[in-house]
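Single-structure report; data block below.
Coordinate-derived values only; no laboratory data. Only a predicted model underlies this, so the values are computations on that prediction, with no experimental measurement involved. Glycine also receives a Cβ, built like all others from the backbone with ideal geometry; neighbour counts cover every protein chain displayed.
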Amino acid sequence: MLDRRDTLHNVQETLTITAAEIARLAGVGRAAVSNWRKRFADFPSPVGGTAASPEFDLAQVEQWLREQGKLAEVSRADRLWHHVVASKNGPAATLADVGAYLLAGHRGEQQARKRLAKRLADLLPEVDALGDEFGQQAAFDQLWQRFSAPGPGRPFATPDELADLMVDLAGVDGGSVLDPATGTGATLRAAVRAGSTFAHGQELDVDLARLAELWLALRDVPGEVAGGDSLRADAFAGRVFDAVVCHPPFGVTNWGLEDLGYDQRWEYGVPPRTEPELAWAQHALAHLRPGAYAVLLMPPTVAGRRGARRIRGQLLRAGALRAIIALPGGSAAPHAVPLHLWVLRRPLGEESAPARALLADAVDGQQRDLYRRVRAVWKAFAAAPEADLDEAGFARAVPVIDLLDEEIDLTPARRQTAGARQPTEIELERVKERLAAVVKDLPGLIPETIPEPDGATATAATASVAELVRIGALQLIGPIRSTGSPDDEPSGATGGLRVLTGRDVASGGEASGWDDGQLQPHVSLVRGDVVVPTVAPRLIARVIATEGTLLGRNLYLLRPNPAALDPWFLAGQLRASANERQTSSLSGTTRYDVRRAQVRRLPLPEQREHGAAYRRLEAFESAIQQAADLGAELARLTADGLAGGSLRPGQPSARRARKKA
């Protein structure tokens with residue numbers, strides 16, 4: 001009889017991994033794996049697949065990466081997740097089996113647990129160990145978070161912050177909720193966080209539907225997530241809910257028009273083949289109790305396409321379309337598109353249609369403040385829907401009669417009042433004074449340099465960062481892989497310790513993240529540490545000047561031995577153009593492996609001289625950026641003032657005379 005170690009050894013012999021998965025495991029680009037196969041004779045040979053897409057033994061690859069120093073020790077959850085990804089049945093189906101096994105343990109259903117154990121024989125030791133460490137519910141969460149994180153071949157998930165916003169706008173509270181396009185279950189999870197007592201969904205991918213239902217069951221939340229096509233085969237026909245929240249698929253023209261032309265759900269008009277999103281909107285309305293709300297994430301073209309104007313008009317006339325909110329690009333997939341939130345309401349039987357609809361243009365906002373502002377403006381509009389709400393340039397309660405023109409174009413940006421608050425002369429003068437002061441200081445910040453005699457180039461031996469680590473001149477830590485949100489900034493807006501994120505390093509700002517308990521391990525930053533992002537538009541190296549913050553995810557930490565390396569010298573050497581080429585991947589995303597960077601070997605006193613120059617150079621760059629920002633602000637204020645009428649062209653002498661008077 002095999003014990004756990006023997007079983008796990010068999011798993012490692014049979015599970016395979018592709019080159020793309022090796023790249024994700026090591027945190028490098030696909031090209032790096034190809035280079036390893038060419039450069040290293042001991043790189044594991046393929047054990048399956050094809051010549052174009054070979055597969056490798058997972059255990060052999062992990063061992064090779066570890067021996068080469070290219071693989072940090074992974075957590076039990078990470079290790080199990082790699083096996084789930086490599087399983088023959090696919091990650092969704094295998095994770096569903098793991099979830100069912102954990103659910104059986106959660107409910108004490110021993111017969112079901114034994115039956116599922118046979119299907120998971122190879123993975124069982126690691127699944128049991130993870131369950132023992134975290135408990136059944138949290139163990140499934142650990143794997144679910146990895147499944148929901150963005151990655152090649154994985155379904156797009158609605159970001160948690162956006163799902164929370166949608167649930168808030170729909171007023172889920174403690175009622176029942178339906179998501180007819182459940183996907184990975186992000187909106188149902190948000191509804192549970194908001195206190196929903198019954199959660200239901202439907203999803204075309206049966207494995208995803210099973211996963212979402214398992215997540216609910218492990219939390220003892222009543223509900224059902226059915227598999228199947230919500231439009232063609234509605235699993236909840238005739239049922240109504242307290243809220244509907246949905247991120248439907250976009251642009252699927254084969255949505256069933258031929259079979260559904262006379263469907264009772266099309267109260268506001270039969271959607272054209274090219275307007276599938278309006279089929280989803282009416283499907284959501286059909287499942288609302290009177291007076292309840294639905295919130296759908298929509299592509300921006302639905303608000304203005306001519307083919308949909310008749311249905312938009314009917315929704316407005318009936319009072320079913322209450323708000324459209326434009327979000328900034330990157331809020332959700334597809335990330336290049338600034339998506340819209342549609343807020344719909346099932347009209348009460350005898351009420352008169354509202355006279356106004358809310359259109360908000362939040363495209364240019366910062367996400368955290370933006371979502372707070374969207375919540376506030378919706379709350380104000382919902383409390384007084386007939387009031388004259390107008391936040392210039394952001395949100396406006398537009399009379400429906402004004403929207404029912406020939407185009408019925410509901411794009412929020414086109415319905416805002418033109419004039420934001422006009423700049424004052426004091427504001428302009430303040431910006432001009434700040435700009436002049438920064439520009440005045442620029443010459444003094446340029447570091448003094450002198451050429452080598454006779455134009456010769458000073459030469460010195462170099463060492464790679466990896467070599468400096470081996471000789472003890474440098475300690476390399478990270479990058480840390482968070483077990484929680486895939487975002488650079490850890491979730492959890494308050495509490496815990498401050499975390500330095502990749503965005504903070506790129507911007508030069510203070511640590512803006514908060515530890516939410518999902519960063520493992522905790523690495524405290526100290527003065528003189530050098531931090532380098534693994535992914536960035538360019539190679540960035542930042543010297544830490546204060547203590548008391550934690551190292552965030554996807555960051556290298558280089559800790560110099562003060563007896564061998566000056567931190568400012570090291571940072572300056574790392575950011576050289578030659579190192580940017582040396583360390584960057586050749587894949588679509590610019591990813592850096594700082595271990596390949598070269599550093600000149602100089603005596604410590606010379607390092608400190610160079611370090612002082614690099615430090616001045618960083619101050620110069622910061623001042624240049626500040627001058628650019630102030631110049632852009634000055635241009636914007638002046639253009640707004642001239643366009644709005646609060647400013648007019650004038651002579652400098654006249655302005656000086658007014659100031660003297």
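Can you tell me which of 402-412, 252-262, 169-179 comes out highest on packing, and rank the rest after it, using the mean Cβ neighbours within 10 Å?
Going from most to least packed, we get 169-179, 402-412, 252-262.
In terms of Cα to Cα distance under 19 Å, which aspartates and glutamates are near enough to LYS38, apart from those fewer than 8 places away along the same chain?
In chain and number order, the partners are GLU21, GLU55, ASP57, GLU62, GLU67, ASP593.
What does the charge dipole of region 252-297 about its Cα centre add up to, to the nearest 20 debye, if the Cβ of each Lys and Arg holds +1 and the Cβ of each Asp and Glu holds -1?
Here region 252-297 has a charge dipole of around 180 debye.
Obtain the nm distance between the two label points defined at ARG430 and ALA392 by a simple spin-label model: each point lies 7 Å from its Cα along the Cα-to-C-beta direction.
About 1.7 nm, to one decimal.
With labels modelled as points extended 7 Å from the Cα through the Cβ direction, what inter-label distance (nm, one decimal) is found for SER352 paired with THR546?
So the label points at SER352 and THR546 sit 5.7 nm apart.
What list do you get for ILE544, ILE471 if you sort them by fewest beta carbons within 10 Å?
Ordered by Cβ neighbours within 10 Å, fewest first: ILE471, ILE544.
Can you compute the FRET efficiency between TYR262 and ALA233 using 1/(1 + (r/R0)^6), with r the Cβ-Cβ distance and R0 = 25 Å? Round to the nearest 0.05.
According to the calculation, E is roughly 0.95.
Which order do the peptides 111-119, 351-359 take when ranked by the mean count of other beta-carbon atoms within 10 Å per residue, highest first?
So the peptides 111-119, 351-359, ranked by packing, come out 351-359, 111-119.
Rounded to the nearest 5, what is the percent of antiparallel bridges among the DSSP beta bridges in the chain?
65 percent
Nearest 0.05, what FRET efficiency do SER45 and VAL469 give at R0 = 25 Å with Cβ-Cβ as r?
Once rounded, the FRET efficiency stands at 0.30.
Any idea what the relative contact order of the chain is, in percent, if you count C-alpha pairs under 8 Å spaced at least 6 apart?
Contact order relative to length: 9 percent.
Among (i) 73, 72, 53; (ii) 99, 89, 45; (iii) 106, 66, 53, which one is Cα extents along the principal axes in Å computed from these coordinates?
Answer by label: (ii).
For region 155-211, rounded, prolate or oblate, judged on the Cα gyration tensor with a ≥ b ≥ c (square roots of eigenvalues), a/c < 1.5 rounded, else prolate if a/b > b/c?
oblate
Using a Förster radius of 22 Å, what is the FRET efficiency between SER53 and VAL206 based on their Cβ-Cβ separation? Nearest 0.05, please.
Computed FRET efficiency for SER53 and VAL206 comes out at 0.25.
Using the Kirkwood radius over Cα pairs, work out the Stokes-Einstein diffusion coefficient for region 160-415 at 20 °C and 1.002 mPa s, in µm²/s as a whole number.
118 µm²/s
Just rank PHE43, PHE140, PHE381, fewest to most, by other beta-carbon atoms within 10 angstrom.
Ordered by Cβ neighbours within 10 Å, fewest first: PHE43, PHE381, PHE140.
Give the Rg/Rh ratio for region 4-148, taking Rg as the radius of gyration of the Cα atoms and Rh as the Kirkwood radius, to two decimals.
That ratio equals 1.00.
Given the DSSP H assignment, sum -39500 (n - 2.57) over each helix run of at least 4 residues in the chain and divide by its residue total; what's the result at 222 nm in deg cm²/dmol, nearest 500?
Calculated mean residue ellipticity at 222 nm is -13000 deg cm²/dmol.
Under the 0.36 nm per residue contour assumption, what length would be gained going from the current alpha-carbon distance of ASP629 and ILE446 to full extension?
That works out to 63.9 nm of additional length.
Roughly what would the spin-label model give for ALA383 and GLU407, points 7 Å off Cα along C-beta, in nm?
3.4 nm
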